[in-house]
1. What ranking of Thr57, Thr2, Thr324 emerges when the number of other C-beta atoms within 10 Å of each C-beta is taken as an exposure proxy, fewest first?
2. For the ranges 186-196, 325-335, 120-130, what's the packing order if you count other beta-carbon atoms within 10 Å of each residue, average per peptide, and put the highest first?
3. Using only Cα atoms, tell me the angle between helix 120-138 and the longest principal axis of the chain; keep it within 0 to 90° and round to the nearest 10.
4. Considering Cα pairs under 8 angstrom that are at least six residues apart, work out the relative contact order of the stretch 1-138 and quote it in whole percent.
5. Leaving out same-chain residues fewer than 8 places away, which lysines sit with a Cα under 29 Å from that of Lys56?
6. Distance from the Cα centre of the stretch 221-246 to that of the stretch 36-63, in angstrom?
7. Roughly what would the spin-label model give for Glu112 and Val93, points 7 Å off Cα along C-beta, in nm?
8. Order these by the 10 Å Cβ neighbour count, fewest first: Glu9, Glu179, Glu363, Glu345.
Amino acid sequence: MTLVLSNDEIAELLPISDCLARLDDVYKEAGNQRAISRPRSDMYGPVHDRGRYVFKTMDGLVPKYEVAAVRLNSDVIRWSSGPAGVRKDKQPVAPGDKWVGLVLLFSTRTGEPLAIMPDGVMQRLRVAAANALAAKYMVQRGPSVYALIGSGWQAGAQALAMAEVFSFADMRIYSPTRENRERLAAELRARLAVPVKAVEDAPAATRDADIVGIATNSINPVVELEWLAPHAHVSCVNERELGEGILEHSSLVVVHSRSDRPYNYIVGAGEQPIRAHDPQEGLPDELKQARASRPAGGVDLSTQPDLGELLTGQVQRPKNGTLTCFVNNIGLGLQFAALGALAYERARQRGLGREMPTDWLLESVHP
């Protein structure tokens, strides 16, 4: 029988502490070349009245757990100009004002589909855990102050994961909308034994902070070098959130993956893929020139050490008191294989989820 899980069940099955432990293990598998991901691929359909359709996939295989997974998103996306520059938003336009994202988990022993799951909660957990693990291995002294730029779905998870790894004395949150930053600050105060306050601007949040986390929908810089303490560790979910000079002044830059750009296939732009995040060719005409791009001659992220190498000790630790940066530059399918396998194991143990006949998904005709 193939198991079908919900986001609520996945949230129950995957506490952040267990996600950190499982991904710590799987990144080490990858760092030792015992697990692998296939680069993300995005297909852009034409623009229509609700936005632009984008079909995204990424795959991963973890032999240790005998699983492979594909994560796919069937999205309608709008890009718009906001207080922090250009931002992208997935539109909830599926029936019931919902989104569409799935993780399909397969057995590498039999090839059969083990489980079908939504990707939303897992997506949040895997990004937060990756950033927290990077900080755990890059920050040499116990950090006291954590600053968070952003107040959305991803941002809250970043704070929870960092608080699982470190004992902070102070947390500060900034995002352009007062209600949003105050809401998240209140939510985190209720969950963490840490003073959490919303602040009026980004420089005030980042001033003298030991760790600066960035988790926004912006595709333009939201943190500048001059706001940062010389010893700060900066963690982002998108390199374009970083102001000019942050990467260049860092004593150590670690990336999630050196394959740092998705392969974009755009209707009307030919058959060759465009390697970029939110390529200009995919943006509305009025926003093409507003899209931020890193200046030529800066740090080449495709040559930096990756997270698996960091966790397996292949990276020289930075000097104390120096700026460091982790760039969560692209998602990896192995994250979904790792956490999908953990959710599947736990669900079977606890009797959660709904079963469907695996035979419905198999065929007697040779593929």
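1. Numbers: Thr57 16, Thr2 20, Thr324 23.
Ordered by Cβ neighbours within 10 Å, fewest first: Thr57, Thr2, Thr324.
2. Numbers: 186-196: 14.5, 325-335: 26.4, 120-130: 24.5.
With the highest mean Cβ count within 10 Å placed first, the list reads 325-335, 120-130, 186-196.
3. Once rounded, one gets 50 degrees.
4. Working: 225 pairs, mean separation 35.4, N = 138.
Normalised by residue count, the contact order of the stretch 1-138 is 26 percent.
5. Lys28, Lys64, Lys88, Lys90, Lys98, Lys288
6. Comparing the Cα centres of the stretch 221-246 and the stretch 36-63, I get a distance of 27 Å.
7. The answer from the label model is 3.9 nm.
8. Glu363, Glu179, Glu345, Glu9
Bear in mind that the values in this text are calculations on the coordinates, not laboratory data. Treat the numbers as computed from the prediction; the structure is a model and nothing was measured. All Cβ positions, glycine included, derive from the backbone under ideal geometry; neighbour counts span all protein chains shown.
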